[in-house]
Every structure is written in structure tokens, then in C-alpha cells.
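J.: Shown below is the structure under consideration.
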Amino acid sequence: MTVMETETTPAQGLTDTTDTTDTKADARASAPTAHPRPDGQDHYTISEVVAFTGLTAHTLRWYERIGLMPHIDRSHTGQRRYRNRDLDWLTFVGKLRLTGMPVADMVRYAELVREGDHTFTERHELLEQTRRDVRTRIAELQDTLAVLDYKINIYSDARQAPERH
């Protein structure tokens, strides 16, 4: 049986989930606002996860193959059975992808999570670096936006100016 300890940060709506199973595979993910099914009834097929997440089945199998997904349960017939914690993890991985974090770093983070609590410092450093990278990209995009706004204003002013004869 898996025991989950959950701590919610109200201001951010994020849930920090620690899986206290023997494997120490904690999700450390931001949870969706609601799961399609309650815990205990949360057995999803790969096609259901595809529908929920927008990821392809190929991507889900690839995530598992490269070590980005924690162990995925299997049915007695060998079919993958995803749980709510897997959906939470996929939500978090999606956020990491949006940051531009390299896949190798995401896999490293997943490995650190599976290694347990003694890797908190290394995980923290990895996320701090990613945050710095995101802030740099945001600043670059704000500069780019300012240039676009400038150009758009020039064209808007030119269209509104009276024609000269």
C-alpha cells in the first residue's frame, strides 16, 4: 500500500506529494485541481491518460523507457495502469518541459526523486537553475515584446496619419 503525505500551498495551488513507499518514488508534483477518479479507483489505461494529458501513447512509453516516469503499474495481462500520482507527475513534467529544461535534466531530476530525501539539495539546485533560466528567457521575451510594441505603434501611427498631397 502507498501512503501519500500531501502539503498544499494555497497561494500557488500546488501540492507537494511525498510517496513513502519502499521505492521512495515521490511525485513532488503540482497536482491538477481534480483527478478524474478518486484515489483507490484511479486505474487509467494508456488511452485514458492520452485523453487526459494530450500526450501521445508513444510519448508516454518513451517517458517510461528513458526513466522519466516512475514505475508504472501493470494489470495481470500486462496492460499499463496509471494512477493519480502518475497524472500529477505528468503535469509536473509538462511544466518542466515548458521551462525548456533539457530532457536529460528532467530524467536526472526523476532519478534524484527515486533516490530519496537525501537528494533534496541536488533537486533544489536543479530547480533553482531552471528558474534562473526561465527568468532570463522571460526578460528576453519582454525585450522582444517591447520591440514588437514599438513597431506596431509605428504602423498604427502611420495608418492614422493624414495623407500628404
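J.: At 1.4 Å probe size, with no ligands or nucleic acids counted, give the accessible surface of ILE152 in Å², nearest ten.
T.: Near enough 100 Å² of accessible area.
J.: Starting from the residue with the highest accessible area, list ARG65, ARG132 in decreasing order, probe 1.4 Å.
T.: So, going from the largest accessible area down, we get ARG65, ARG132.
J.: Just to be sure I understand the model, the point goes 7 Å from the Cα along the line to the Cβ. What's the resulting ASP149 to LEU127 distance in nm?
T.: Inter-label distance under the simple model: 3.2 nm.
J.: Sticking with this one: To the nearest 10 square angstrom, how much accessible area does LEU145 have with a 1.4 angstrom probe?
T.: 100 Å²
J.: Another question, if that's okay. If we count every other residue with Cβ under 14 angstrom of THR136's Cβ, Lys/Arg +1 and Asp/Glu -1, where does the sum land? Walk me through the intermediate numbers first.
T.: Working: positive: ARG131, ARG132, ARG135, ARG137; negative: GLU128, ASP133, GLU140, ASP143.
Local charge sum for THR136: 0.
J.: Which value, in Å² rounded to 10, gives the accessible area of HIS58 with a 1.4 Å probe and all protein chains present?
T.: Around 120 Å² of this residue is reachable by solvent.
J.: Need the full-extension length gain, GLU48 to HIS71, defined as separation in residues times 0.36 nm minus the C-alpha distance. One decimal, nm.
T.: The span from GLU48 to HIS71 would gain 6.5 nm if fully extended.
The values are calculated or read from the model by the stated rules, or taken from the named source; none is laboratory data. Since the model is a prediction, treat every value here as computed from it, not as a measurement. Cβ sites come from the backbone with ideal geometry, for glycine too, and all protein chains shown count toward neighbours. Ligands, DNA and RNA are stripped out before the accessible areas are found, and what is left, the full protein with its side chains, is counted by its heavy atoms. Shrake-Rupley method; radii C 1.70, N 1.55, O 1.52, S 1.80 Å.
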